[in-house]
Every structure is written in structure tokens, then in C-alpha cells.
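Chemist: This is the structure I want to talk about, given as C-alpha cells.
The values are calculated or read from the model by the stated rules, or taken from the named source; none is laboratory data. Just so it is clear, the structure is predicted and the values come from calculations on it, not from any experiment. In this analysis, Cβ positions are derived from the backbone assuming ideal geometry, glycine residues included, and neighbour counts consider all displayed protein chains.
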Amino acid sequence: MTTQNYTLLLRQLESILSPETDPVANMANTAAVLFNGLPDLNWAGFYVLRGTELVLGPFQGKPACVRIPLGKGVCGTAAQTGHTQRVADVHQFKGHIACDSASNSEIVIPIFKAGRVWGVLDIDSPLPARFSETDQLYLEKAVTLFEQHTTL
């Protein structure tokens, strides 16, 4: 996706998120905007940190794993480390959790509240190496918008 397309997508997100502060509403709309606005995805959604595990939040796509322990899989690793995980081939990722066997690549961006991980944005694709550095940059900006407009 081009930077111009991402700029438009971020504007759309800003207009949807800015009047609302509820986390569930903002997670639902963010997942919908990303799932419908980005090509070649099969899942986009959120996991929220509850104690030592991530719990499924609003998403778009097939049913997903409900609970993921910290440090397990791509989502659990992103939450534990506090760093974005961009994985070109999920089948090569140690401890990968295969919620949908059609997923081949994944990007997970941590969400912060008061300097601590609150949850993650998880996006999967059936294409190998679907997510580029540009995707990472703009999806991290999307998470920043979510953090700024949501009461976490």
C-alpha cells in the first residue's frame, strides 16, 4: 500500500476515533477500518492484557483464539517485549499459535497506557511477507491514534 493510501486511511481512522473514547467502540471501528481498507488480510483485531494473558477483543475475520499467555506466539511476544513484531513467515516463528491455518504472515503492535502494555493490535495475512517497513510505520501510527482517542 502506498503512503498516500495510508494517509487517507489514517484520516478516516482519525474521523471515526476522535469523537469517541470508549475502548470497545474504538477497537471495533479500528479493526473494521483496517480490515476493509488494507488489501490481502484475513484477520485484524485486538487482544487486551488481563493479568498474565491477552484476551480476545473486537476483530474482523474468522473466530480466533480467546486467550494467549504473555510470551506465547507473536501476540504474546509483542505484549511481553513491548515491541512490534513483524513476521514474514509465521510458521517459522517459535511458539506460533495457529488460530487460522490460512495465515502466513503477521504484524502485532503493542498498545500502551501510562507507559505499560495495555493490549495489542494483531493483523494477519494469507500472503507470506505481506507486511513491509511502510506497513509497520503506518500501523504504528494507527495505534498511536487509537491510544490518543481512547480512554484506556
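Chemist: Ser105 - would you say it is in contact with a Pro (Cβ under 8 Å, 6 or more places away or on another chain), crowded, with 18+ Cβ neighbours inside 10 Å and small (Gly, Ala, Ser)?
Modeler: Taking the combined requirement at face value, the residue satisfies it.
Chemist: Additional query: Determine whether Lys94 is over 22 Å from Ala28 (Cα atoms), crowded, with 17+ Cβ neighbours inside 10 Å and either free of Cβ contacts under 8 Å to residues at least 60 places away in the same chain or of a type in the set (Phe, Trp, Tyr) (or both).
Modeler: Considered against the rule, which asks whether it is over 22 Å from Ala28 (Cα atoms), crowded, with 17+ Cβ neighbours inside 10 Å and either free of Cβ contacts under 8 Å to residues at least 60 places away in the same chain or of a type in the set (Phe, Trp, Tyr) (or both), Lys94 comes out as no.
Chemist: Another one. Please tell me if Phe35 is of a type in the set (Phe, Trp, Tyr) and under 21 Å from Lys113 (Cβ atoms).
Modeler: So Phe35 does not fit the description; no.
Chemist: Given the criteria at negative phi, in contact with a Lys or Arg (Cβ under 6 Å, 6 or more places away or on another chain) and touching a residue at least 24 places away in the same chain (Cβ under 8 Å), does Phe112 qualify?
Modeler: no
Chemist: Would you confirm whether any residue within the stretch 126-136 is touching a strand residue (DSSP E or B) at 6+ places or on another chain (Cβ under 8 Å), modelled with pLDDT under 95 and either in a loop (DSSP other than H, G, I, E, B) or not β-branched (Val, Ile, Thr) (or both)?
Modeler: No, the stretch 126-136 has no match at all.
Chemist: Which condition number in (1) of a type outside the set (Lys, Arg); (2) surrounded by 18 or more Cβ atoms within 10 Å (Cβ to Cβ); (3) over 17 Å from Val33 (Cα atoms) is the one that Gly71 fails?
Modeler: Unmet condition: (2).
Chemist: If you take just the helices (runs of 4 or more DSSP H) that sit entirely in the stretch 1-118, which of them hold at least 2 residues that are of a type in the set (Ser, Thr, Tyr)?
Modeler: Hits in the stretch 1-118: 3-17, 73-81.
Chemist: Could you tell me whether Asn26 is of a type in the set (S, T, N, Q), touching a Lys or Arg at 6+ places or on another chain (Cβ under 8 Å) and touching a residue at least 40 places away in the same chain (Cβ under 8 Å)?
Modeler: It is false that Asn26 is of a type in the set (S, T, N, Q), touching a Lys or Arg at 6+ places or on another chain (Cβ under 8 Å) and touching a residue at least 40 places away in the same chain (Cβ under 8 Å).
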